[in-house]
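Enquirer: First the structure, which I've put down as structure tokens, then a few questions once you've had a look.
The values are calculated or read from the model by the stated rules, or taken from the named source; none is laboratory data. Given the structure is predicted, the values throughout are model-derived calculations rather than measurements. With ideal geometry, Cβ positions are generated from the backbone for all residues, glycine too; neighbour counts draw on all protein chains shown. For accessibility, only protein heavy atoms count, side chains too; no ligands or nucleic acids. Shrake-Rupley method; radii C 1.70, N 1.55, O 1.52, S 1.80 Å.
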Amino acid sequence: MAKIVNREEMAQGTIILNEIKAPRISQKAKPGQFVILQADETGERIPLTMADTNPDKGTITIIYMVIGKSTARFKDLKVGDEYYALIGPLGKPTHVEKVGKVVCVGGGTGIAVLHPIAQALKAAGNEVTTILGARSYDLLIMEEKMKAASNTLHICTDDGSHGHHGFVTDVLKDVLEKEEIDLVVAIGPIPMMKFCSLITKEKNVKTLVSLNPIMVDGTGMCGCCRVTIGNDTKFACVDGPEFDGHKVDFDELAKRLASYLDDEKASYDAYEKCKAQ
């Protein structure tokens with residue numbers, strides 16, 4: 001059991017933060033790694049990359065978007081409630097070293113994944129420029145935390161309600177034109193990571209992305225999280241979740257993630273209907 005000790009609703013309640021008591025995981029977890037959570041005995045196992053860890057308090061923080069029945073069930077858990085199961089840390093941690101100038105690009109809940117990575121890169125002595133994107137300002141998360149984790153912060157909104165009126169790729173192009181960048185880390189929706197990687201490939205700038213394919217066991221046994229990297233098949237749970245963005249087959253990944261969208265919506269609708277009765 002893993003007790004929720006703090007809970008926040010973000011982005012109009014569509015994104016939820018849970019700080020969870022997990023002493024052993026908090027001691028071992030590193031930036032880029034993830035955990036798998038299960039709300040109850042019959043619930044789905046959901047992989048979520050940690051947004052923060054606090055070894056002194058013995059807690060980890062996860063941030064997720066409510067998109068289906070399982071995450072809706074997560075949202076119903078309050079402070080003091082417990083997850084039925086929590087496993088981690090899983091996956092390979094981000095390789096952190098001083099490389100020079102780094103650009104971190106985040107969108108949606110990918111910003112939560114990006115946060116500990118940006119922190120670690122800055123702590124290693126890198127000059128970190130961060131570019132965050134959201135459809136509108138009220139859907140943006142973790143602005144202040146990312147500001148503290150960066151040397152320079154740019155905000156982009158699709159509707160122009162805050163910062164640059166446009167996409168993160170607009171600002172990324174501008175930064176790459178003006179500065180010599182040594183590394184780009186892009187984490188967010190698949191189209192965002194895909195187009196960031198296409199832009200950096202033209203400039204021959206090393207780019208890391210964090211992938212979120214369908215996953216079941218998280219140990220490399222089931223094969224559900226397979227992704228194509230260059231000419232090779234990799235498992236995101238044990239080979240990733242971070243990969244070279246210039247080698248990822250993003251179109252294949254998008255198709256695989258769309259496989260169960262109709263079932264996901266039907267399950268969510270049925271759950272909400274049941275709650276309302």
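Enquirer: Excluding residue 80 itself, what net charge comes from residues whose Cβ is under 11 Å from its Cβ, given Lys and Arg +1 and Asp and Glu -1?
Expert: Net local charge, residue 80 excluded: +2.
Enquirer: Could you work out the Rg to Rh ratio of region 16-62, with Rh taken as the Kirkwood radius (inverse of the mean 1/r over all Cα pairs)? Walk me through the numbers before you get to the answer.
Expert: On the way: Rg = 10.7 Å, Rh = 10.9 Å.
For region 16-62, the value is 0.97.
Enquirer: Another question about this same structure. Ignoring everything but the protein chains, give the 1.4 Å probe accessible area of residue 109 in square angstrom, nearest 10.
Expert: 40 Å²
Enquirer: Related question: Order 228, 42, 157 by their accessible area, 1.4 angstrom probe, all chains in place, largest first.
Expert: The residues order as 42, 228, 157, largest area first.
Enquirer: Ok, one more. For region 115-191, what is Rg from Cα atoms divided by 2.2 N^0.38 Å, rounded to two decimals?
Expert: 1.07
Enquirer: What's the local net charge at residue 135, with K and R +1, D and E -1, over the other residues with C-beta under 11 Å away?
Expert: Local net charge: -3.
Enquirer: Out of the total accessible area of the chain (probe 1.4 Å, heavy atoms of protein only), what percent is carbon and sulfur?
Expert: Of the solvent-accessible surface of the chain, carbon and sulfur hold 49 percent.
Enquirer: Turning to a different aspect of this structure: What whole-number distance in Å separates the alpha-carbon centres of region 69-146 and region 178-197?
Expert: Comparing the Cα centres of region 69-146 and region 178-197, I get a distance of 15 Å.
Enquirer: Can you divide the C-alpha Rg of region 160-277 by 2.2 N^0.38 Å and report the result to two decimal places?
Expert: That works out to 1.30 for region 160-277.
Enquirer: Ratio of Rg to Rh for region 1-81, alpha carbon only, Kirkwood?
Expert: Taking Rh as the inverse mean 1/r over Cα pairs, Rg/Rh reads 0.94.
Enquirer: Ignoring solvent entirely, what values of log10 I(q)/I(0) come out of the Debye formula for region 66-115 at 0.17 Å⁻¹ when each Cα is a single scatterer?
Expert: Each listed q corresponds, in turn, to -0.84.
Enquirer: In addition: Averaged across orientations, what area in nm² does the convex hull of the alpha carbons in region 222-270 project?
Expert: 4.1 nm²
Enquirer: I would also like to ask the following. May I ask you to evaluate 6.51 cos²θ - 1.76 cosθ + 1.60, the Karplus curve with θ = phi - 60°, for each residue of region 264-274 and list the ³J(HN,Hα) values in order in whole Hz, giving x for glycine and proline?
Expert: 4, 5, 4, 5, 5, 4, 5, 5, 5, 5, 5
Enquirer: Please identify the GluC sites (Glu not before Pro) of region 1-52 that satisfy two criteria: DSSP loop assignment and at most 12 other Cβ atoms within 10 Å. Which are they? The partial results should precede the final answer.
Expert: Working: sites: 8, 9, 19, 41, 44; in loops: 41, 44.
Passing sites in region 1-52 are 41.
Enquirer: Oh, and also: Per DSSP H run of at least 4 residues, take -39500 (n - 2.57); add these up for the chain, divide by its residues and hand me the 222 nm value, nearest 500 deg cm²/dmol. Provide the component values of the computation, followed by the final result.
Expert: Working: 9 runs with 87 residues, N = 277.
My calculation for the chain gives -9000 deg cm²/dmol from helical runs alone.
Enquirer: Looking only at 188, 91, 125, which one moves most when the chain is put into a Gaussian network model with springs between Cα atoms under 10 Å?
Expert: 125
Enquirer: In what sequence, highest mean first, do 264-270, 97-103 appear when ranked by Cβ atoms within 10 angstrom?
Expert: Sorting 264-270, 97-103 by mean packing, highest first, produces 97-103, 264-270.
Enquirer: Plugging the Kirkwood radius over Cα pairs into Stokes-Einstein for the chain, at a temperature of 4 °C and a viscosity of 1.567 mPa s, what D comes out in µm²/s?
Expert: 68 µm²/s
Enquirer: Quick one: which residues, 5 or more positions from residue 22 or on another chain, have an amide H under 5 Å from its amide H? H modelled 1.01 Å from N in the peptide plane, none for Pro or chain starts.
Expert: Counting only residues 5 or more places away or on other chains, the set is 59, 60.
Enquirer: Using only the Cα atoms of region 98-240, what are the Rg and Dmax in Å?
Expert: For region 98-240, the Cα radius of gyration and maximum Cα-Cα distance read 15.4, 45 Å.
Enquirer: Still on this structure: Highest mean first, what order results for 73-80, 10-17 on Cβ atoms within 10 Å?
Expert: Result, highest mean first: 10-17, 73-80.
Enquirer: Where does each of 176-182, 31-37 land if you order them by average Cβ count within 10 Å, highest first?
Expert: 31-37, 176-182
Enquirer: Let me check I've understood the local charge: for residue 68, count other residues with C-beta under 12 angstrom from its C-beta, Lys and Arg +1, Asp and Glu -1. What total comes out?
Expert: -2
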